[in-house]
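I have placed the structure first, in the form of structure tokens, so that the comments after it can refer back to it.
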Amino acid sequence: MNKNHAIDPLALNRRHFFKSSAAGIGSLALSQLLSDSAEAGMHFPAKAKRVIYLFQSGGPAQQDLFDYKPLLNEMNGEQLPSEVRGTQRLTGMSAHQTSLPLAGSHFKFSQHGQSGAWLSDLLPHHREIVDDLCFIKSMHTEAINHDPAITMFQTGSQIAGRPSLGAWLSYGLGSENADLPGFIVLASAGQGGQPLYARLWGSGFLDSKYQGVRFRSGKEPVLYLTNPEGVSPSRRRALFDHVNALNQHQYEKELDPEIESRIAQYEMAFRMQTSVPSATDLSDETEATFKLYGEDARTPGTFAANCLLARRLAERDVRFIQLYHQGWDQHSNLPKAIRGQARETDQASAALVKDLKQRGLLQDTLVIWGGEFGRTSYSQGVLTKDNHGRDHHPRCFTTWMAGGGIKPGITYGETDDFSYNIVRDGVHVHDFNATLLHLMGIDHERLTFKYQGRRFRLTDVHGNVVRDVIG
């Protein structure tokens, strides 16, 4: 067994050869050669069994939510000191401003919990979970614009085409539920902001069976899953059987592993006709649960409803559940716009952590909250008493994690007095993903896939596990 768990794309063709060989091969040796199981991908005991990733698309302003900076508030309106900016590049949206006035936060901060974590008054429900959270205030990335930045977080590269994080986990660990996909995506409905692309949950050069399956709001969470009018389950089963027979015949002629994946996906789709309606029907949830998540949880497609659905999927052992909530890209009108974003996400995010904890699921479920970068501490555009915007800022921003082996009630990393530069314990995207994989029982340097003559991995050729945040 290759210690790097780098599965040769020709393995399935070798399997065909061995099956056809008169001499054959011992079944034990063959199973070791072709193993693609969860046990094969796990390099050491895992602290987490599953991940719920609450991705806040657009770049939440860290200095208005988590990173309290009183000096920034005191110097409101003064110019960003040149020694603070240094040689950092700016986006084309503010690079030509003749003035870069510091913009203090409009929101009050206070400390909460035994950990004394700082939160702005935008996040009243987070106060109740701060002692379960690990705040990483020193996240950083090279990408300064949305598309490469979100692609970097989801695939480990600014250039599109690599497998997504969920696909890597599915490839490395497989699925624990035969009736649901191992990687499910939920996006808040009706949100404006930066676009979301299917490639963000794609499988890249890995087998297509590892890509994420997007669940939509409404009566048909997965398109074309329900039987057309007049088609009974038995007729649908017969159709699948005939199609699979044709695919099997084609596979025997062409030896293309993707054909076998197609057969497996047809079978999964048939099983999902029962499992998906059961998982997505919230009618059996209690009034207390809806009160916990908020009234929005009753409306399909809201962030709150998706958080509740994520808990239900976690209960069903879905390996990786990715939520996307757009609208954090506040280049202008930030004081008003960020209030709306916080109102839509605060209660449900906190409810998810509390709900998992009370059900005994938080200890082996890793919950993540964060976006692709942060925002500048200077104002993009004109700074007034009541209004300003913030540009993209990849140099430092905040992400939090909970459960799944993470130390609770701590803050890791520190930024300067302006939330502009990291002064202690920086965490790069590759470090973050290396740590996530470690919590799932995977050595990020050993989970690889050979493609076009090179062994690729999620963390490319970088990344260190941040062991100080692991319990």
The range 444-471 - residue that is in contact with a Pro (Cβ under 8 Å, 6 or more places away or on another chain) and in a loop (DSSP other than H, G, I, E, B) and, of those, modelled with the lowest pLDDT: Gly471
Of the conditions (1) touching a residue at least 40 places away in the same chain (Cβ under 8 Å); (2) in contact with a helix residue (DSSP H, G or I) (Cβ under 9 Å, 6 or more places away or on another chain); (3) not small (Gly, Ala, Ser), Ile144 clears all except one; give me its number. (2)
Check on Asp417, surrounded by fewer than 23 Cβ atoms within 10 Å (Cβ to Cβ) and under 20 Å from the mean Cα position of the chain (by Cα): no
Pairs where the first residue, in the range 209-227, is free of Cβ contacts under 8 Å to residues at least 12 places away in the same chain and the second is in a loop (DSSP other than H, G, I, E, B) and surrounded by 15 or more Cβ atoms within 10 Å (Cβ to Cβ), C-beta under 7 Å, 6+ apart: Glu220/Thr226
Would you confirm whether any residue within the range 151-159 is among the β-branched types (Val, Ile, Thr), surrounded by fewer than 22 Cβ atoms within 10 Å (Cβ to Cβ) and within 26 Å of Gln79 (Cα to Cα)? no
Check every one of the strands (runs of 3 or more DSSP E) wholly within the range 322-414 and list those with 1 or more residues that are modelled with pLDDT under 95 and small (Gly, Ala, Ser). none
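Out of all the residues in the range 172-198, which are acidic (Asp, Glu) and either buried (at least 22 other Cβ atoms within 10 Å of the Cβ) or farther than 28 Å from Arg446 by Cβ (or both)?
Asp179 - this is the single residue of the range 172-198 that is acidic (Asp, Glu) and either buried (at least 22 other Cβ atoms within 10 Å of the Cβ) or farther than 28 Å from Arg446 by Cβ (or both).
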Which members of the range 415-443 meet the condition of being in a helix (DSSP H, G or I) and hydrophobic (A, V, I, L, M, F, W, C)? Val429, Phe432, Ala434, Leu436, Leu437, Leu439
Here is a list of conditions, (1) closer than 30 Å to Gln452 by Cβ; (2) touching a Ser or Thr at 6+ places or on another chain (Cβ under 6 Å), and Asp256 meets all of them except one; can you say which number that is? (2)
From the option list Asp364, Asp329, Asp346, single residue qualifying as farther than 30 Å from Ser99 by Cβ, out of contact with any Lys or Arg (no Cβ under 7 Å at 6 or more places or on another chain), charged (D, E, K, R) and surrounded by 17 or more Cβ atoms within 10 Å (Cβ to Cβ) is Asp346
For the range 312-361, what are the residues that are within 28 Å of Asn145 (Cβ to Cβ) and acidic (Asp, Glu)? Asp329, Glu344, Asp346
Looking across the range 420-444 at residues that are charged (D, E, K, R) and more than 20 Å from the chain's Cα centre (by Cα), the single one that is surrounded by the fewest Cβ atoms within 10 Å (Cβ to Cβ) is Arg424
Any hit, the range 48-56, residues being over 19 Å from Gln341 (Cα atoms), modelled with pLDDT under 95 and buried (at least 18 other Cβ atoms within 10 Å of the Cβ): no
Across the range 73-102, which residue is surrounded by the fewest Cβ atoms within 10 Å (Cβ to Cβ) among those that are without any contact (Cβ under 8 Å) to a residue 12 or more places away in the chain and under 17 Å from His331 (Cβ atoms)? His96
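The values are calculated or read from the model by the stated rules, or taken from the named source; none is laboratory data. From a predicted model like this one, the values you see are computed outputs, not experimental measurements. Note that we place each Cβ from the backbone using ideal geometry, even for glycine, and neighbour counts take in every protein chain shown.
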